[in-house]
Amino acid sequence: MKVRIEIDTKTFVRFWLVVMGFGLAGLAIYSAKDALVLLGISLFLALALNRPVAAIAKKLPGKSRLGGTALAYTTLVLLLGCVVWFVIPPIVQQSAKFVESIPSIIDQASSQWRGVNDFIDKNNLRPQVDSMMENIKQQSSSWATSVGTNLLSSVGSLASFLGSLFLVLVLSFLMLLEGPTWVKRLWGLYNDEEKMERHKKLVGRMYNVITGYVSGQLTVSGIDAILSGFVVFVLSLTFPVINSNLAMLTVMATFVLTLIPMFGATIAGALISLLLFFNNMTAGVIYAIYFVIYQQIENNFVSPSIQSKKVELSALTVLVAVTIGLYVGGLLGGLVAIPAAGVVKVLLDNYLEQVKSKRVESEKPLINKLVKKLKNEEKLTQRKI
């Protein structure tokens, strides 16, 4: 049996126009993805700083929004400068120091491993081993001279990065400064007062999710940074070869890196363990053991409990959201996955509430009819009696 479907020309044209529209929109988004990423980061930063800016502005003379924004951004730039000044140079220096010490480590190991040397001599492998060791020494020495350049080149173009960072700071600054004015204009477009209030509550809930996530992430990173710095300080007292200034470096590096979901804490732990290992092997192993134990506690108890309260998500939802975000959008996707999941939950809850209220409203006439029918039947029964 053949089924024939007839579609008029108007419907056919509309369908393909819609398909072409979605295609062009997707192409435009893909072409402007870099700009959209910068705008997204700027918006996220502006929302995160909005409450501190508002609190500062209230305490300033005239409640100046410009003064509060400028003060908040001055503090932010100073913090970024401190991170760059105190964290990056020691890491580069320690890395270069370790690489430069590789030849001497190899020489010491070669002289101490007598059993290995006897095996090499017995099997006539000395020329090959000596050639390999000499090659490693040459490669490590050449790498040591350019370790700083290699680190910078692995990050990408420094000028491009600084330009993007400057643009993000400027955009978020203007968003914070002019944001309240544009929000008032947006609410002024509403003619329905009830609808406007409902949408205000919805936007407020989404805003609380985003700011709650930021404060929760800062709390978790702060706890991790303080504990890690304390452990390194104790290790510096136990092993005099370790400089106590490394504790401050640990605090700052751990705080910044743990802001990155999932992998940030691992990078911080591995980095600090290596820095300690360069100075004292035992200290590096002790810190690595501490890091593994604390990460189990943080991932299973501390972080899920704090984040789930802040963004109103279960611990399982937080983990699934971060995993999907990292898989789909990489580092940026993982960074915004949790607040995005919180916003989706708010929108879904709002939709379900509307559906439920509409269903209740639609069922009211039926309930009223049923009540009337029961009352009439009761009256008829009483009359018969």
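Since every read-out is calculated from the coordinates, none of them should be taken as a lab result. Keep in mind it's a predicted model, so treat the numbers as computed, not measured. Quick reminder, even Gly has a Cβ in these numbers, built from the backbone with ideal geometry, and neighbours come from all protein chains shown.
What is the gain in length, in nm to one decimal, between PHE230 and ALA35 on full extension, counting 0.36 nm per residue of separation less the C-alpha to C-alpha distance? Provide the component values of the computation, followed by the final result.
Numbers: separation 195, 0.36 × 195 = 70.20 nm, distance 4.09 nm.
Length gained between PHE230 and ALA35: 66.1 nm.
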* Asked: Going highest first, how would you order 281-288, 244-251 by mean Cβ packing within 10 Å?
  -> 244-251, 281-288
* Asked: Assuming R0 = 30 Å, what is the FRET efficiency of LEU76 and TRP182, from their Cβ-Cβ distance, to the nearest 0.05?
  -> 0.85
* To do: Would you kindly state how much longer the chain becomes between MET20 and LEU66 on full extension, computed as 0.36 nm times their sequence separation minus their alpha carbon distance, in nm to one decimal?
  => 12.1 nm
* Provide the FRET efficiency to the nearest 0.05 for the LYS356-VAL292 pair, computing r from the beta carbons and using R0 = 41 Å. => 0.30
